[in-house]
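A short write-up of the structure that comes next.
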Amino acid sequence: MIRNVLVVGAGTMGHGIAEVSAIAGYNVYLSDVSKDILNNAIQKVKWSLEKLYEKGNLKESVEDVLGRIKTIEGLSNELREIDISIEAIPEKLDLKRQLFSKLEELLPNNAILATNTSSLPITEIASAVKRQERVIGTHFFNPPVLMQLVEIIRGSKTSDDTVKQTYEFIKSLRKIPIMVNKDVPGFVVNRILLRIITTACMLVEKGICEYTAIDAVARYKLGFPMGIFELVDYTGVDVNYYVSSAMMERGFKAYPCKTLEEMTKKGDLGVKSGKGFYTYPSNKYIKPNLPPQLAEKINPLYIIAPAISEANWMVKNGIASKEDIDLGVRLGLSFPKGIFDYEREFGRESVTKTLEDLRRISGMEEYLPE
């Protein structure tokens, strides 16, 4: 039974995971390399808890919840009572592997070792420890306090017991878990999203349409909360470039977007640099003005058909269920409906025809229908 939780890394994701764990009643140890980082994290947790309390979304007092979070500089031998650790350090494989090796020395033999990675393979991280059956992925979405979705990813040696305990733990945080049964690059949500982004890029680079038309279609025809390139700007052009490159290196076959690479090299990184596909005065996000008539310039199936094919591939190969994939895109990407709802709406025949068009335009076999 899980009572004591260790969160390693007190950045945005780490202190958010610590906060939701403390709200759920767990004793939480929050670890990072310096007191300043930890103090800053606790201030942010306190601010967040106060907001939740003001809105009536917190049953206890702010002080009671904060009282369950203990900060630790570095890692120490006082972690002998930990039942689950969740790593939330930077996305660098070597760093994570070093940390997991250290955690194996310090934590009890039956403690679950979870990673909050959004793109690195669980199996590669697990290879740093002897008992790989207790390593699992728990991919929270940003910000963890508000986002309901958590992807639970099984590494090649993760045990059924580790999966069961982790699934119940995530549910106890009042989060909605989806199961990723095989450790594929991008898991479920990022895999679907990257299929959409790389296809959008391919259509622009092949001269089929302008990026503004694609964003208008995403917004007005598909009901996405943001255009594709608008989202890339918002999350960071460089982030999207590095994540897509890492996934492709590990076997995800997709169109390599030269535009993302060039913009990353130039420093046009989106909102954070003031310029990406759109411009952002004072480096602040402003919703781009897209005339609705732009959405008439391209068939919306050109954007969504590859995601439908990807979702069918995942079901066929036992990666995830239809229900979990649909939940994942609705909760993780804020799509108004599931991928399979889009498939039903447009019809399998139209999806297949569109994929054949995309294969012809791109010259890539990856667009063969699943």
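Just to confirm my filter: which strands (runs of 3 or more DSSP E) fall fully inside the stretch 1-78 and include at least 1 residues that are out of contact with any Lys or Arg (no Cβ under 8 Å at 6 or more places or on another chain) and on the phi > 0 side of the Ramachandran plot?
Values: elements: 4-8, 27-32, 69-73.
Filter on the stretch 1-78 gives an empty set.
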Please name all residue pairs, on different chains or six or more residues apart, with Cβ atoms under 8 Å, provided the first residue is in the stretch 49-64 and is over 18 Å from ARG174 (Cα atoms) and the second residue is exposed (fewer than 11 other Cβ atoms within 10 Å of the Cβ). none
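Select from the stretch 74-84 the residues that are surrounded by 11 or more Cβ atoms within 10 Å (Cβ to Cβ) and over 27 Å from the mean Cα position of the chain (by Cα) and write down the one among them that is nearest to GLY25 (Cα to Cα). Step through it out loud before you land on a result.
First, pick out the residues of the stretch 74-84 that are surrounded by 11 or more Cβ atoms within 10 Å (Cβ to Cβ): 75-76, 78-84.
Then keep just the ones that are over 27 Å from the mean Cα position of the chain (by Cα); that gives 76, 78-81.
Details: SER76: 23, GLU78: 20, LEU79: 18, ARG80: 19, GLU81: 16 Å.
Here the residue is GLU81.
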Here the residues within the stretch 196-253 that are among the polar types (S, T, N, Q) and more than 19 Å from LEU333 (Cα to Cα) are THR212, SER245
For the stretch 258-284, give me the residue count where each residue is assigned to a strand (DSSP E or B) and under 21 Å from SER245 (Cα atoms). 1
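Looking at the stretch 95-115, which of its residues are hydroxyl-bearing (Ser, Thr, Tyr) and either farther than 14 Å from GLY137 by Cα or not assigned by TED's automatic domain parsing to the domain that holds GLY155 (or both)?
SER101
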Quick one: is GLY236 surrounded by fewer than 22 Cβ atoms within 10 Å (Cβ to Cβ), over 27 Å from GLY363 (Cα atoms) and touching a residue at least 24 places away in the same chain (Cβ under 8 Å)? yes
crowded, with 20+ Cβ neighbours inside 10 Å, small (Gly, Ala, Ser), assigned by TED's automatic domain parsing to the domain that holds ARG359 and not in a loop (DSSP other than H, G, I, E, B), is that true of ALA307? yes
Can you name the residue in the stretch 117-140 that is modelled with pLDDT under 95 and either in contact with a strand residue (DSSP E or B) (Cβ under 7 Å, 6 or more places away or on another chain) or more than 18 Å from GLU91 (Cβ to Cβ) (or both) and, of all such residues, is surrounded by the fewest Cβ atoms within 10 Å (Cβ to Cβ)? SER118
Residue list for the stretch 150-169, restricted to those being under 12 Å from ILE84 (Cα atoms), crowded, with 21+ Cβ neighbours inside 10 Å and either aliphatic (A, V, I, L, M) or in contact (Cβ under 8 Å) with a residue 60 or more places away in the chain (or both): THR166, PHE169
Number of the condition not met by LYS353 [criteria: (1) more than 26 Å from MET226 (Cβ to Cβ); (2) part of a helix (DSSP H, G or I); (3) touching a residue at least 24 places away in the same chain (Cβ under 8 Å)]: (3)
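The values are calculated or read from the model by the stated rules, or taken from the named source; none is laboratory data. Nothing here was measured: the structure is a model prediction, and the numbers come from that model. Here Cβ is always computed from backbone atoms with ideal geometry, including for glycine, and neighbour counts include all displayed protein chains.
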